[in-house]
Amino acid sequence: MKKMTAVALLALAAFTVEARAETIDLATVKCSDLATMDANASGFMFTWLLGYQSGTAGTTTMDLGAMEDLGGKIGEYCAANPDVGLLSATTEVMSQ
């Protein structure tokens, strides 16, 4: 349990973003938008996308070891397909 708490706190610290009164429809974010995001924003978005995909799949686990590899694959996919929606790209990469 202590390990999970430490991991959760580490993830929270790594992906903390400045609070904003802003609503983002992630269905409208394109792969090309990743290039203009700072590391905090892209990390937060990536974490949300993985949570969304896990919720859709009914998965309640988080494989921290696979996150970096998956992020790289999504980045490669987006570099090759800049006009594809980020949500669609994540779904495509995770289904491979």
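Quick rundown of the values:
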| quantity | calculated |
| --- | --- |
| Search result, residues across the stretch 63-96 that are in contact (Cβ under 8 Å) with a residue 40 or more places away in the chain and either assigned to a loop (DSSP other than H, G, I, E, B) or in contact with a Ser or Thr (Cβ under 6 Å, 6 or more places away or on another chain) (or both) | 81, 82, 83, 84 |
| Residue satisfying all of: in the stretch 8-33; farther than 18 Å from residue 62 by Cβ and modelled with pLDDT under 80; surrounded by the most Cβ atoms within 10 Å (Cβ to Cβ) among these | 17 |
| Residue within the stretch 34-49 that is assigned to a helix (DSSP H, G or I), at pLDDT 90 or above and among the aromatic types (Phe, Trp, Tyr) present | no |
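The values are calculated or read from the model by the stated rules, or taken from the named source; none is laboratory data. Bear in mind the structure is a predicted one, so any value in this text is a computation, not a measurement. Reconstructed Cβ throughout: ideal geometry from the backbone, glycine too, with neighbour counts over all protein chains shown.
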